[in-house]
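First the structure, in the form of structure tokens, and then the observations on it.
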Amino acid sequence: MIYLDHAAATPVSDKVLKAMKPFMTDDFFNPSSAYLPAARVRGMYEDAKNKIANFIGAKGNDLVITSGATEANMLACTAVSKTGKILVLETEHASVLENVKKYKYSTVKADKTGLINLTDLKAKLTDDVELVSVSLANNELGTIQPLAEISQILKEVRLSRLKKGITTQLLLHSDASQGLALIELNVARLGVDLMTLNAAKVCGPKGVGALYVGHGVRLNPVSMGGGQERGLRAGTENIAGVVGFATAIDAVKGHSTAARKKYTTLVKSLKSELEKAKVEPIFLGTPKHQLANFLPVSFPGLDAERLIFMLEEKEVYVSTGAACSASKGEPSHVLRAIGLSSKEIAGSLRISLGVLNNESNVKEAGKIIREVVDKEYARLYD
Ligand code: PLP
């Protein structure tokens with residue numbers, strides 16, 4: 001098979017699996033128990049949390065471990081008060097967009113490449129806005145958002161509020177599920193107060209995520225019980241999962257430049273193959289501010305669902321938009337937001353490269369996709 005859907009899921013490496021195993025067998029202890037082996041496990045859990053946190057320039061205590069990015073996004077939204085409002089980029093993942101519906105919220109527009117419209121953001125930053133949520137990189141287009149610039153705008157708004165005597169908080173949350181292996185992150189440099197991390201997208205286990213919580217940010221628990229994770233997310237710690245996440249982070253640390261270089265070359269070769277197709281492809285987003293492993297592409301006039309089915313028969317796996325929204329059978333809200341026509345949306349594929357790709361399988365995949373596109377074109381139009 002040739003797997004081209006790393007934005008949806010990544011394989012857990014042998015190293016990660018090996019690091020996780022002892023915590024399901026010999027070191028199965030509950031870290032909250034009082035005896036020595038349990039305390040040792042607690043220590044290893046805290047070490048793993050520290051490793052994950054250090055990767056984004058934070059400390060283990062700044063993280064709340066969750067059951068994935070969805071839960072972390074849900075927890076982040078609790079930062080807003082009953083009277084406060086959330087501003088959210090219209091192209092965010094459903095796990096953000098669905099959760100903000102529990103609060104007062106407005107959406108901020110994206111441009112045709114998926115980049116946040118900063119003029120719209122500024123116009124919507126009214127005095128009741130308490131939280132702004134903008135992902136690090138979009139999961140359908142790979143568009144990288146200018147978080148440092150956004151945080152600078154928020155600083156200016158905070159200052160002007162201070163001058164007016166308004167004490168409403170103004171926080172920045174970023175869902176950094178995508179792009180963790182390709183962008184060096186530092187929460188202080190970026191100026192984010194809350195950041196969602198996702199193990200499943202960096203060759204860690206599924207169902208493991210974290211929310212970075214900046215100092216002084218107050219949240220409401222997503223679950224209550226044994227008081228774990230500073231009382232914000234009760235439940236026995238997923239030691240194996242967190243150790244797996246930390247090991248996965250270790251594997252990408254310091255390799256982002258090399259990874260970007262690798263994927264830039266592979267995407268270029270894939271693009272040049274697709275350009276030979278009978279339907280002129282529209283490459284979505286822009287490489288100027290796009291994750292290097294993303295190649296979202298539309299073949300207007302063709303049906304992406306059919307293309308996926310034909311590719312599946314040849315064991316080439318890609319998706320239409322986000323895997324989860326695709327399963328709902330609705331047109332992608334992201335592609336609609338960037339102004340694609342229905343015809344362009346219907347013909348859109350999301351190709352995302354990753355650890356399972358190399359020069360030869362990407363070249364092979366390019367050839368197969370082009371053949372499938374040409375075959376569909378011939379069936380419909382020739
Ligand atoms: N946010 C983004 C940007 C994602 O790509 C995903 C996963 O596809 C999620 C959130 C949800 O992650 P999880 O399924 O781990 O809760």
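The table below gives the values:
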| item | result |
| --- | --- |
| Region 20-127: Rg to Rh, with Rh as the Kirkwood radius over Cα pairs | 1.15 |
| 18 Å Cα-Cα reach of Lys164 towards aspartates and glutamates, excluding residues that sit fewer than 8 places from it in its own chain | Asp127, Asp128, Glu130, Glu156 |
| Square roots of 5 times each gyration tensor eigenvalue, C-alpha, region 34-75, largest first, Å | 22, 14, 7 |
| Antiparallel content of DSSP bridges confined to the chain, in %, to 5 | 50 |
| Whole-percent carbon and sulfur share, accessible surface of the chain, 1.4 Å | 53 |
| At 0.890 mPa s and 25 °C, Stokes D of the chain from Kirkwood alpha-carbon radius, µm² per second | 113 |
| On Cα atoms only, tilt of 304-313 relative to the major axis of the chain in degrees | 90 |
| Span from the region 120-146 Cα centroid across to the region 197-243 one, whole angstrom | 23 |
| Proximal lysines relative to Lys101, as straight alpha-carbon distance under 24 Å, when same-chain residues fewer than 8 apart are discounted | Lys82, Lys85, Lys109, Lys122, Lys124, Lys328 |
| Rough spin-label spacing in nm, given labels placed 7 Å along Cα→Cβ, for Ser160 and Glu315 | 5.9 |
| Cα-based helix-to-principal-axis angle, 239-252 vs the chain, degrees rounded to 10 | 60 |
| Sequence of Arg161, Arg370, Arg306 when ordered by accessible area, the most exposed leading, probe 1.4 angstrom | Arg306, Arg370, Arg161 |
| Contour minus Cα-Cα distance for Glu364 and Leu36 (0.36 nm per residue) | 112.7 nm |
| With all protein chains modelled, accessible area of His255 [1.4 Å, Å²] | 100 |
| Accessible surface, per residue, of the chain when the full set of protein chains is kept, probe 1.4 Å, Å² | 45 |
| With all protein chains modelled, accessible area of Thr168 [1.4 Å, Å²] | 40 |
| Cα-derived Rg to Rh of region 245-382, Kirkwood definition | 0.98 |
| Cα-Cα separations in region 1-70 greater than 14 Å, expressed as whole percent | 72 |
| 26 Å Cα-Cα threshold exceeded, pairs from Lys49/Lys112; Lys112/Lys271; Lys262/Lys375 | Lys49/Lys112; Lys262/Lys375 |
| Qualifying aspartates and glutamates (Cα of each under 18 Å from Cα of Lys18; at least 8 residues distant if same chain) | Asp26, Asp27, Asp47, Asp250 |
| Calculated [θ] (222 nm, deg cm²/dmol) that DSSP helices of n ≥ 4 give over the chain, each run adding -39,500 (n - 2.57) | -11500 deg cm²/dmol |
| Magnitude of the charge dipole, the chain, Cβ model with Lys/Arg +1 and Asp/Glu -1, debye to 20 | 940 |
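The values are calculated or read from the model by the stated rules, or taken from the named source; none is laboratory data. As the structure is a computational prediction, the values presented were derived from the model and not from experiment. Every residue, glycine as well, gets a Cβ built from its backbone with ideal geometry; the counts of neighbours run over all protein chains shown. Note: accessible area is taken over every heavy atom of the protein model, side chains too, but ligands, DNA and RNA are not part of it. Shrake-Rupley method; radii C 1.70, N 1.55, O 1.52, S 1.80 Å.
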